[in-house]
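Data first, discussion second: the structure below is written as C-alpha coordinates.
The values are calculated or read from the model by the stated rules, or taken from the named source; none is laboratory data. Since this is a predicted model, take the numbers as computed values, not measurements. Because the Cβ atoms are built from the backbone with ideal geometry, glycine has one as well, and the counts that use them run over all protein chains shown. Quick note on the areas: whole protein, heavy atoms, side chains included, nothing else; ligands and nucleic acids left out. Shrake-Rupley method; radii C 1.70, N 1.55, O 1.52, S 1.80 Å.
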Amino acid sequence: MALTKVIGAGAEGLTLSSTSLTVANGLTLTDGNVTLASGHGIDFAATANASGQSSELLDDYEEGTWTPTYTGSGGNPTVTYDSTVHGHYTRIGRQVYCSGYIQTDAFSGGGGVLQISGLPFTDGNLGGNSYHYAAGGSVVSNDFASNQPHSPLVVPGSQSFYLISGNYSALTISDCADGANKNAARFCVFYMTT
(Lines give C-alpha, C1' and ligand atoms only; values in the text may rest on other atoms or scores of the structure.)
Protein backbone atom coordinates (compact mmCIF):
# COMPACT_ATOMS: atom_id res chain seq x y z
CA MET A 1 0.00 0.00 0.00
CA ALA A 2 1.35 3.37 -0.94
CA LEU A 3 1.63 6.25 1.50
CA THR A 4 -1.67 8.13 1.59
CA LYS A 5 -2.38 11.62 2.80
CA VAL A 6 -5.86 11.73 4.32
CA ILE A 7 -7.78 14.76 3.09
CA GLY A 8 -10.84 16.17 4.75
CA ALA A 9 -12.05 18.55 7.41
CA GLY A 10 -9.89 18.06 10.52
CA ALA A 11 -7.65 15.43 8.86
CA GLU A 12 -4.69 17.72 8.15
CA GLY A 13 -1.45 16.20 9.38
CA LEU A 14 -2.76 12.61 9.22
CA THR A 15 -0.67 10.17 7.15
CA LEU A 16 -1.57 6.51 6.63
CA SER A 17 0.58 3.72 5.21
CA SER A 18 0.30 -0.07 5.24
CA THR A 19 2.41 -0.26 8.40
CA SER A 20 1.83 2.95 10.31
CA LEU A 21 -0.37 5.91 11.10
CA THR A 22 1.22 9.28 11.76
CA VAL A 23 -0.69 12.02 13.53
CA ALA A 24 1.08 15.38 13.52
CA ASN A 25 -0.94 17.29 16.11
CA GLY A 26 -2.09 14.86 18.83
CA LEU A 27 -4.73 12.17 18.98
CA THR A 28 -8.05 12.34 20.79
CA LEU A 29 -10.36 9.35 21.24
CA THR A 30 -13.95 10.20 22.02
CA ASP A 31 -14.73 6.60 22.97
CA GLY A 32 -12.94 3.23 23.18
CA ASN A 33 -9.44 2.11 24.16
CA VAL A 34 -6.03 2.00 22.58
CA THR A 35 -4.98 -1.65 22.39
CA LEU A 36 -1.33 -2.59 21.92
CA ALA A 37 -0.04 -5.97 20.75
CA SER A 38 1.77 -8.10 23.34
CA GLY A 39 5.40 -7.03 23.70
CA HIS A 40 4.71 -3.49 22.50
CA GLY A 41 3.99 -0.32 24.43
CA ILE A 42 4.29 3.44 24.55
CA ASP A 43 7.75 4.52 23.41
CA PHE A 44 9.24 7.56 25.15
CA ALA A 45 12.38 7.62 22.98
CA ALA A 46 11.92 11.35 22.27
CA THR A 47 12.70 12.23 25.91
CA ALA A 48 16.11 12.87 27.45
CA ASN A 49 17.99 9.84 28.74
CA ALA A 50 19.51 9.38 32.17
CA SER A 51 22.84 7.59 32.36
CA GLY A 52 22.19 3.89 32.82
CA GLN A 53 18.86 4.04 30.97
CA SER A 54 17.96 0.64 29.51
CA SER A 55 14.44 1.13 28.15
CA GLU A 56 11.99 3.89 27.29
CA LEU A 57 9.10 1.55 26.53
CA LEU A 58 6.10 1.41 28.87
CA ASP A 59 4.89 -2.07 28.02
CA ASP A 60 2.71 -3.19 30.94
CA TYR A 61 -0.07 -1.87 33.14
CA GLU A 62 -2.31 -4.04 35.29
CA GLU A 63 -4.57 -3.76 38.35
CA GLY A 64 -6.03 -6.62 40.34
CA THR A 65 -6.44 -8.50 43.60
CA TRP A 66 -4.38 -11.15 45.36
CA THR A 67 -4.72 -13.14 48.58
CA PRO A 68 -1.96 -12.81 51.19
CA THR A 69 -1.13 -15.90 53.27
CA TYR A 70 1.29 -16.63 56.11
CA THR A 71 4.03 -19.13 55.28
CA GLY A 72 7.20 -20.28 57.04
CA SER A 73 10.67 -20.83 55.61
CA GLY A 74 10.90 -24.10 57.60
CA GLY A 75 7.32 -25.30 57.08
CA ASN A 76 3.96 -23.66 56.63
CA PRO A 77 1.67 -23.10 59.61
CA THR A 78 -1.94 -24.24 59.79
CA VAL A 79 -3.97 -21.04 59.70
CA THR A 80 -7.60 -20.01 59.84
CA TYR A 81 -7.87 -16.53 58.34
CA ASP A 82 -10.28 -13.77 59.30
CA SER A 83 -12.81 -12.89 56.57
CA THR A 84 -11.26 -9.42 56.17
CA VAL A 85 -8.06 -10.71 54.50
CA HIS A 86 -7.50 -9.00 51.13
CA GLY A 87 -4.87 -7.68 48.75
CA HIS A 88 -4.77 -5.25 45.80
CA TYR A 89 -2.00 -4.47 43.33
CA THR A 90 -1.05 -2.14 40.50
CA ARG A 91 1.77 -2.93 38.07
CA ILE A 92 3.27 -0.13 35.98
CA GLY A 93 6.03 -1.42 33.72
CA ARG A 94 8.20 -3.56 36.02
CA GLN A 95 7.25 -1.72 39.25
CA VAL A 96 4.65 -3.52 41.39
CA TYR A 97 2.73 -1.80 44.21
CA CYS A 98 0.78 -4.07 46.59
CA SER A 99 -1.37 -3.35 49.60
CA GLY A 100 -3.40 -5.59 51.83
CA TYR A 101 -4.59 -6.76 55.20
CA ILE A 102 -4.09 -10.10 56.90
CA GLN A 103 -5.44 -11.34 60.25
CA THR A 104 -5.80 -14.82 61.74
CA ASP A 105 -8.42 -16.53 63.91
CA ALA A 106 -6.30 -19.66 64.56
CA PHE A 107 -2.56 -20.28 64.09
CA SER A 108 -0.48 -23.40 64.82
CA GLY A 109 2.56 -25.31 63.62
CA GLY A 110 5.03 -24.31 60.95
CA GLY A 111 8.59 -23.16 61.48
CA GLY A 112 11.35 -20.83 60.43
CA VAL A 113 11.09 -17.24 59.30
CA LEU A 114 7.55 -15.85 58.92
CA GLN A 115 6.61 -14.66 55.42
CA ILE A 116 3.58 -13.16 53.76
CA SER A 117 3.23 -14.99 50.45
CA GLY A 118 1.11 -14.78 47.32
CA LEU A 119 2.48 -11.57 45.78
CA PRO A 120 1.07 -11.32 42.24
CA PHE A 121 4.48 -11.27 40.47
CA THR A 122 7.86 -12.81 41.24
CA ASP A 123 10.49 -10.37 42.51
CA GLY A 124 13.06 -9.65 39.77
CA ASN A 125 16.06 -10.23 42.07
CA LEU A 126 17.65 -7.18 40.48
CA GLY A 127 20.05 -6.67 43.39
CA GLY A 128 21.65 -10.08 43.03
CA ASN A 129 21.57 -12.10 46.24
CA SER A 130 21.15 -9.15 48.60
CA TYR A 131 18.08 -7.60 50.19
CA HIS A 132 18.05 -4.92 47.90
CA TYR A 133 17.48 -1.85 45.89
CA ALA A 134 14.06 -0.17 45.71
CA ALA A 135 11.85 -2.75 47.40
CA GLY A 136 10.14 -1.46 50.50
CA GLY A 137 6.91 -0.29 52.05
CA SER A 138 5.36 -0.14 55.49
CA VAL A 139 3.45 -2.31 57.96
CA VAL A 140 1.01 -1.37 60.71
CA SER A 141 0.44 -4.35 62.98
CA ASN A 142 -1.00 -5.57 66.26
CA ASP A 143 -1.77 -8.69 68.27
CA PHE A 144 1.35 -10.72 67.49
CA ALA A 145 2.74 -12.78 70.39
CA SER A 146 5.95 -10.70 70.29
CA ASN A 147 7.95 -8.40 68.03
CA GLN A 148 5.31 -6.27 66.30
CA PRO A 149 6.47 -5.81 62.67
CA HIS A 150 6.95 -2.34 61.15
CA SER A 151 8.40 -2.99 57.67
CA PRO A 152 8.28 -5.50 54.81
CA LEU A 153 11.36 -6.95 53.13
CA VAL A 154 10.81 -8.68 49.78
CA VAL A 155 12.53 -12.07 49.48
CA PRO A 156 14.67 -11.93 46.29
CA GLY A 157 13.37 -14.04 43.41
CA SER A 158 10.16 -14.98 45.24
CA GLN A 159 6.51 -14.00 45.65
CA SER A 160 6.92 -13.42 49.41
CA PHE A 161 8.11 -10.83 51.88
CA TYR A 162 9.40 -10.93 55.45
CA LEU A 163 7.89 -8.90 58.26
CA ILE A 164 10.62 -6.87 59.98
CA SER A 165 10.59 -5.73 63.61
CA GLY A 166 12.90 -3.82 65.94
CA ASN A 167 16.39 -3.31 64.58
CA TYR A 168 15.62 -5.03 61.26
CA SER A 169 15.11 -8.60 62.42
CA ALA A 170 12.71 -10.86 60.52
CA LEU A 171 9.82 -12.28 62.53
CA THR A 172 9.71 -16.04 63.02
CA ILE A 173 6.72 -18.36 63.21
CA SER A 174 7.09 -18.34 67.02
CA ASP A 175 6.29 -14.59 67.05
CA CYS A 176 2.72 -15.40 65.99
CA ALA A 177 -0.18 -15.80 68.40
CA ASP A 178 -3.03 -18.32 68.35
CA GLY A 179 -6.63 -17.19 68.84
CA ALA A 180 -9.24 -14.95 67.23
CA ASN A 181 -8.25 -11.58 65.75
CA LYS A 182 -4.48 -12.14 66.02
CA ASN A 183 -1.41 -11.49 63.86
CA ALA A 184 -2.98 -8.50 62.11
CA ALA A 185 -0.91 -6.61 59.57
CA ARG A 186 -2.02 -3.81 57.25
CA PHE A 187 0.75 -3.32 54.71
CA CYS A 188 1.95 -1.78 51.48
CA VAL A 189 4.96 -3.13 49.62
CA PHE A 190 6.61 -2.22 46.33
CA TYR A 191 9.22 -4.08 44.30
CA MET A 192 10.55 -4.64 40.77
CA THR A 193 9.63 -7.70 38.73
CA THR A 194 11.12 -8.90 35.44
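Over the chain, with a single point scatterer placed on each C-alpha, what log10 of the ratio I(q)/I(0) does the Debye formula yield at q = 0.08, 0.13, 0.18 1/Å?
Summing over Cα pairs of the chain leads to -0.41, -0.76, -1.18.
Over all distinct Cα pairs, what is the inverse of the mean 1/r for segment 131-194, reported as the Kirkwood hydrodynamic radius in Å?
Final number for the Kirkwood radius of segment 131-194 is 12.3 Å.
How many angstrom separate the Cα center of segment 150-194 from the Cα center of segment 53-131?
Comparing the Cα centres of segment 150-194 and segment 53-131, I get a distance of 9 Å.
Quick one: among 34, 96, 139, which has the greatest mean-square fluctuation in a GNM of the chain with alpha-carbon springs under 10 angstrom?
Comparing 34, 96, 139 in a Gaussian network model of the chain, the most mobile one is 34.
Which of 47, 104, 71 ends up with the largest GNM mean-square fluctuation for the chain, with Cα atoms connected below 10 Å?
47
Using a 1.4 angstrom probe, figure out how much accessible area the chain has per residue, in square angstrom, rounded to the nearest whole.
57 Å²
When only C-alpha pairs under 8 Å and at least 6 residues apart count, what is the relative contact order of the chain, in percent?
Contact order relative to length: 19 percent.
Which values of log₁₀ I(q)/I(0), to two decimal places, follow from the Debye formula for segment 26-138 at q = 0.10 Å⁻¹ with a uniform point scatterer at every Cα?
Debye curve over Cα of segment 26-138, log10 I(q)/I(0) at q = 0.10 Å⁻¹: -0.49.
Taking the Cα centre of segment 53-194 as origin and charging only Cβ (+1 Lys, Arg; -1 Asp, Glu), how large is the dipole, in debye to the nearest 20?
So the magnitude is around 220 debye.
Specify which residue in the list 48, 147, 113 is farthest towards the positive end of the charge dipole of the chain, using unit charges on the beta carbon of Lys, Arg (+1) and Asp, Glu (-1), about the Cα centre.
Looking along the dipole axis, the top candidate is 48.
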